[in-house]
Amino acid sequence: MRIVTKAAAAALALLATPLPALATQPGDTILIASDSTAANYKKGNYPQTGWGMMLGCGLSPEVRVSNHAMGGRSTRTFIEEGRWTKLMSELMPGDTVLIQFGHNDAYRAKPQRWAPAQTDYRNNLLRFIWDVRGSGGTPVLVTPVTRRSFGADGKAKADFAEYSAVMRELAASAHVPIIDLEALSRAWVDRAGPDKAKAYFLHYKAEDKMPGFPKGIDDDTHFSELGARNVADLVAGGLKALNLPISAKVLTSRPALNRTTPLGRTECQ
């Protein structure tokens, strides 16, 4: 009878313990700093889906997405709560950091979140840029994604235009890569129009029996599964167009992100 010592048993148990997901090569990790529009959600919240949950479906298998996005966060609270410090502790040289804020920075009704565009917001973005570059990473600014918001002319409008303008100015003055998601997503919503665009956001009735919203919901800010897939496709396409080292690992064909009907879950296929 073979006798296994305690030390050997411990070693076997350690080998059997799942290791944290790591990229196969340095620089193959994309980290996301953002808010509820990009955040991860549990199955019980379905169909609410953040674009950061779906981004990996448009990338080569060896690329890891580390999503630090959290609902209700602005650049101010992301820093104050230690979330930026946590992200930076994970960053390795060569990694890419996608930075999308604005929705909560613009929310004056909650002073703890509010970061005026030309001052605090701009300064916080500069800190993000310097920190990432100082650690050998690549910061990529991402302008605030659009809401289902239409003007009197029937065209989709930018609700965070001042914040997007600051990002564009910083991208030019500090030579930072930028994905103009505000412009890309506004054009996408505009093409759909007010009625069809509802499918991209959280518009459900009680009889739809959605797990996360048994009483129904009308929300023009947060995405459905289908909306998150489409926004992730816009981000992936924008990242590929930047011609950064990570751009080569963005898939040219992204069928999981180009779906016209929801899959009913947030897996790629």
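The table below gives the values:
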{"quantity": "S253 accessible area, 1.4 Å probe, all protein chains in place, Å² to nearest 10", "calculated": "80 Å²"}
{"quantity": "Positive-pole candidate from Q112, I129, L87, dipole of segment 70-181, charges at beta carbon", "calculated": "Q112"}
{"quantity": "Surface per residue (accessible, 1.4 Å probe) for segment 18-97, Å²", "calculated": "42 Å²"}
{"quantity": "With DNA, RNA and ligands ignored, accessible area of E80 (1.4 Å probe; Å², nearest 10)", "calculated": "130 Å²"}
{"quantity": "Percentage relative contact order, segment 16-150, counting C-alpha pairs under 8 Å, at least six apart", "calculated": "27 percent"}
{"quantity": "Convex hull volume of segment 112-154 per residue (C-alpha atoms, cubic angstrom)", "calculated": "120 Å³"}
{"quantity": "Distance in nm between pseudo-label sites at L126 and S60 (7 Å out along the Cβ direction from Cα)", "calculated": "3.7 nm"}
{"quantity": "Largest-first principal axis extents, alpha carbons of segment 58-110, Å", "calculated": "42, 25, 14"}
{"quantity": "Of M70, M54, M92, the one that fluctuates the most in a GNM where the chain has Cα springs shorter than 10 Å", "calculated": "M92"}
{"quantity": "The chain, relative contact order [Cα under 8 Å, separation at least 6], %", "calculated": "22 percent"}
{"quantity": "Projected-area average for segment 119-242 over all orientations - Cα convex hull basis, square nanometres", "calculated": "9.5 nm²"}
{"quantity": "Coarse-grained scattering of segment 119-189 at q = 0.11, 0.13, 0.22 Å⁻¹, given as base-10 log I(q)/I(0) from a Debye sum over alpha-carbon atoms", "calculated": "-0.31, -0.41, -0.91"}
{"quantity": "Selected from G154, G50, G193 as most flexible by GNM, with the chain as the system and alpha-carbon contacts under 10 Å", "calculated": "G154"}
{"quantity": "Nearest-0.05 FRET efficiency for K110 and N243, computed from C-beta distance (R0 30 Å)", "calculated": "0.20"}
{"quantity": "Whole-percent carbon and sulfur share, accessible surface of the chain, 1.4 Å", "calculated": "56 percent"}
{"quantity": "Kirkwood Rh, Cα atoms: Rg over Rh of the chain", "calculated": "1.02"}
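The values are calculated or read from the model by the stated rules, or taken from the named source; none is laboratory data. As the structure is a computational prediction, the values presented were derived from the model and not from experiment. Using ideal geometry, Cβ is built from the backbone for each residue, glycine included, and neighbour counts are taken over all protein chains shown. Keep in mind that these areas ignore ligands, DNA and RNA; they rest on the heavy atoms of the full protein, side chains included. Shrake-Rupley method; radii C 1.70, N 1.55, O 1.52, S 1.80 Å.
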